[in-house]
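Worksheet: one structure, shown below.
Since every read-out is calculated from the coordinates, none of them should be taken as a lab result. Quick caveat: nothing in here was measured; it's all calculated off a predicted structure. So basically every Cβ, Gly included, is an ideal-geometry build from the backbone, and we count neighbours across all protein chains shown.
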Amino acid sequence: MIIDLRPPQKILKATTSKIKKAVSFKRQRDGDDSDVEDYAPNPSDMAAASSVEGEEDDITYLMGLNLPSMQWTTESYSNARSINQFHQQNDTNILNFTTQVQQDAYFGHMVKKTVYKHQTIELAYMRSQPVMSELVDRFEHMGLANFLQHRCDWNETVIRQFYATLEISMEEEKIWWKTGKRVYYATFAQFATANQLDYDFIINEQSVNNVLENPLDENDYPVYYEPANVGIARVFGGIQGLRHHPAVINKIARVKFIPKSGNKDKIRGLY
């Protein structure tokens with residue numbers, strides 16, 4: 001279970017650490033990137049959007065907004081987000097967004113999404129249990145120990161604004177987003193570091209690309225389940241009859257990598 005950011009078509013919700021003031025991230029202030037500089041409204045803009053005082057990355061103002069939401073279709077949303085919005089002309093009076101597309105993505109999509117709790121895994125306790133000690137060694141070998149133990153605070157508005165404004169460049173290996181009124185950028189390596197992941201290990205040949213890897217062949221299912229001769233009922237592709245370590249890994253994935261509501265034992269997705 002290695003997270004591979006090659007290519008990170010979907011930044012995992014597990015990386016919902018509070019991105020507000022990450023030291024390694026840099027403000028976008030290049031003189032030749034005028035379209036990502038702070039928005040300087042004229043008086044009419046100010047009348048429409050109101051003056052926002054305080055820190056540029058403060059999201060208090062955004063938390064108080066309740067604007068009409070756009071009704072998206074899958075196709076219209078995909079088409080709108082296929083264009084880097086930070087390269088477009090600013091066409092919204094709300095300083096928290098560069099374009100109307102970002103604003104509509106936030107109020108028409110992101111505000112309706114639930115932010116699920118991101119759990120911290122106590123590896124010290126797991127290591128104290130003989131049946132799980134070897135599993136902790138595997139997590140450390142895979143470069144996941146720090147990530148699993150990382151305890152962080154977060155703000156749901158910051159997370160929603162992050163996803164509404166997020167842009168990814170596979171060529172440059174960079175991401176851009178807005179927190180409050182400020183544009184930030186980070187390299188893939190910096191973003192991995194902020195989330196306690198080893199990017200060098202993620203991209204090396206020992207890692208597994210979850211995007212490109214083929215789904216597990218059904219003929220390989222039995223190795224993850226208790227042998228038939230022990231008499232435990234098994235449902236291949238489900239949780240019933242899983243061996244201990246695969247069952248624990250699945251539970252950790254459900255609360256750490258892809259946190260969801262509902263039955264945390266259930267296996268979801270192709271992997």
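Tabulated data for the structure shown
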| item | result |
| --- | --- |
| Kirkwood hydrodynamic radius (C-alpha pairs) into Stokes-Einstein, the range 188-260, 25 °C and 0.890 mPa s, D in µm²/s | 166 µm²/s |
| GluC sites (Glu not before Pro) lying in DSSP loop within the range 154-214, provided at most 12 other Cβ fall within 10 Å | Glu171, Glu172, Glu205, Glu213 |
| Filtered GluC sites (Glu not before Pro), the range 49-135: DSSP coil and at most 16 other beta carbons within 10 Å | Glu53, Glu55, Glu56, Glu122 |
| Sequence-distant residues sharing a close amide H with Tyr225 (under 5 Å, placed H) | Arg243 |
| Net charge of Cβ neighbours under 15 Å - reference Glu226; Lys, Arg +1; Asp, Glu -1 | +2 |
| Backbone HN-Hα couplings from phi across the range 179-188 [Karplus 6.51/-1.76/1.60, Hz, Gly and Pro as x] | 10, x, 9, 9, 8, 10, 9, 8, 6, 4 |
| Cα Rg over Rh - the range 114-271, Kirkwood | 1.00 |
| Qualifying trypsin sites (Lys or Arg not before Pro) for the range 64-168 [loop in DSSP, other Cβ within 10 Å: at most 14] | Lys113, Lys117, Arg151 |
| Net lengthening on full extension, Ala233/Val211 (0.36 nm per residue, minus Cα-Cα) | 4.8 nm |
